[in-house]
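*Asks:* Let me give you the structure first, and then I'll get to my questions.
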Amino acid sequence: MADSKEQRTLDYVLQNAVRGDPQSVLDFIDKFSENEWAMHVGNVKGPIVEKVVTETDPSTCLELGTYCGYSAIRISRLLKPGTRFLTIESCPANAAIAQQMIDFAGMQDKVKILQGSSQEIIPRLKADHQVETLDFVFIDHWSECYTPDTKLLEECGLLRKGSVLLADNVVYPGAPDFLEYVRTSGRYDCTNFPTHLQYSKKEDALEKAVYRG
Ligand SMILES: Nc1ncnc2c1ncn2CCCCCNC(=O)c1cc(-c2ccc(F)cc2)cc(O)c1O
């Protein structure tokens, strides 16, 4: 079967990066993506994500949209021992690529990939994955799912006062209904981080929404 861009990225990392070195894996994913654009959060938005994670100092994290594992590696390497990073990916092929990328980076003990749709998995997090509440949620899947999944997290009792949501691509491709919801529902304190789309000059932004409880 003809290989995919994601498979080519993994092969490039396996051949060039240093096993067990997360920064090396991130650097080679970024290097490959300069030639073949891909939807990793990237090295411009990445530091903004890291700053929010460090300030939050989370124990239990959820990511929506694993893709190839770039942001899972970027975030989980910052987490203190004993913390958990759960990430949901609906595409089986990308979930398999991400698992290999995360293993190579040495993050396999912190990161657990849940393959399936967020709408099906979120309601099962308490029962199947021993989650009480989430301290940090990185939202990076289809923008049409941002709002329904945010409401689902609320309804499932997975958010507590101070839970931090951080959503990528709120300008490009854009998540206007999500911005409207978190900024006007009265349930969140929001901060916008203007930045640029990965590997591009296009404008983008991240939105941080802290649940008021
Ligand atoms: N309900 C679910 N649960 C879990 N995974 C799920 C899901 N539903 C789907 N997926 C699987 C993830 C789908 C990828 C989502 N991300 C994106 O679509 C995305 C696109 C761009 C982009 C930018 C400029 C352009 F010109 C074109 C595209 C940039 C990004 O940073 C992106 O994250």
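The values are calculated or read from the model by the stated rules, or taken from the named source; none is laboratory data. On a predicted model such as this, the values are computed, not experimentally measured, just so you know. Note that we place each Cβ from the backbone using ideal geometry, even for glycine, and neighbour counts take in every protein chain shown. Accessible surface areas use protein heavy atoms only, side chains included; no ligands, DNA or RNA. Shrake-Rupley method; radii C 1.70, N 1.55, O 1.52, S 1.80 Å.
*Asks:* I'm checking my understanding of the structure. Among residues of region 103-133 that are of a type in the set (Gly, Ala, Ser) and over 22 Å from Val18 (Cα atoms), which one is most open to solvent (accessible area, probe 1.4 Å)?
*Replies:* Result: Ala127.
*Asks:* Related question: Among the residues of region 76-94, write down those that are within 16 Å of the ligand (Cβ to nearest atom) and open to solvent by 10 Å² or more (accessible area, probe 1.4 Å).
*Replies:* Selection gives Glu89, Ser90, Cys91, Pro92, Ala93, Asn94.
*Asks:* I want to confirm something. Restricting to region 35-51 and keeping residues that are more than 16 Å from the chain's Cα centre (by Cα) and within 15 Å of the ligand (Cβ to nearest atom), which single residue is nearest to Ile75 (Cα to Cα)?
*Replies:* It comes out as Trp37.
*Asks:* On to the next question. Within region 141-153, which residues are open to solvent by less than 30 Å² (accessible area, probe 1.4 Å) and among the charged types (D, E, K, R)?
*Replies:* Matches in region 141-153: Asp149 only.
Conditions (1) acidic (Asp, Glu); (2) open to solvent by less than 50 Å² (accessible area, probe 1.4 Å); (3) touching a Cys at 6+ places or on another chain (Cβ under 7 Å); (4) at pLDDT 95 or above, marked per residue:
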| residue | (1), (2), (3), (4) |
| --- | --- |
| Ala2 | no, no, no, no |
| Thr9 | no, yes, yes, yes |
| Thr56 | no, yes, no, yes |
| Ser59 | no, no, no, yes |
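*Asks:* Answer yes or no as to whether Lys161 is within 15 Å of the ligand (Cβ to nearest atom), open to solvent by 40 Å² or more (accessible area, probe 1.4 Å) and either under 15 Å from Tyr211 (Cβ atoms) or part of a strand (DSSP E or B) (or both).
*Replies:* When the stated conditions are applied, Lys161 does not pass them.
*Asks:* Please go through region 120-144 and pick out each residue that is of a type outside the set (Val, Ile, Thr) and within 11 Å of the ligand (Cβ to nearest atom).
*Replies:* Scanning region 120-144 gives Glu120, Phe138, Asp140, His141, Trp142, Ser143, Glu144.
*Asks:* Restricting region 164-213 to residues that are more than 20 Å from His141 (Cβ to Cβ) and part of a strand (DSSP E or B), which is least open to solvent (accessible area, probe 1.4 Å)?
*Replies:* Val210
*Asks:* Within region 20-34, count every residue that is in contact with a helix residue (DSSP H, G or I) (Cβ under 6 Å, 6 or more places away or on another chain), in contact (Cβ under 8 Å) with a residue 60 or more places away in the chain and more than 16 Å from the ligand (Cβ to nearest atom).
*Replies:* Count: 2.
*Asks:* Tell me which of these Thr150 doesn't satisfy, since it passes every other one: (1) closer than 21 Å to Lys112 by Cβ; (2) in a helix (DSSP H, G or I).
*Replies:* So the condition that Thr150 fails would be (1).
*Asks:* Still on this model: Quick check on region 185-194. Is at least one of its residues out of contact with any strand residue (DSSP E or B) (no Cβ under 6 Å at 6 or more places or on another chain) and either hydrophobic (A, V, I, L, M, F, W, C) or modelled with pLDDT under 95 (or both)?
*Replies:* No; the residues of region 185-194 include none that is out of contact with any strand residue (DSSP E or B) (no Cβ under 6 Å at 6 or more places or on another chain) and either hydrophobic (A, V, I, L, M, F, W, C) or modelled with pLDDT under 95 (or both).
Table: residues versus (1) in a helix (DSSP H, G or I); (2) more than 26 Å from Val164 (Cα to Cα).
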site	(1), (2)
Glu6	yes, yes
Asp30	yes, yes
Gly46	yes, no
Thr66	no, no
Thr87	no, no
Ala93	yes, yes
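*Asks:* Next question, about the same structure. So if I check each of Ser33, Ser4, Ser59, Ser90, which one is in contact with a strand residue (DSSP E or B) (Cβ under 6 Å, 6 or more places away or on another chain) and either at positive phi or not β-branched (Val, Ile, Thr) (or both)?
*Replies:* Only one candidate qualifies: Ser59.
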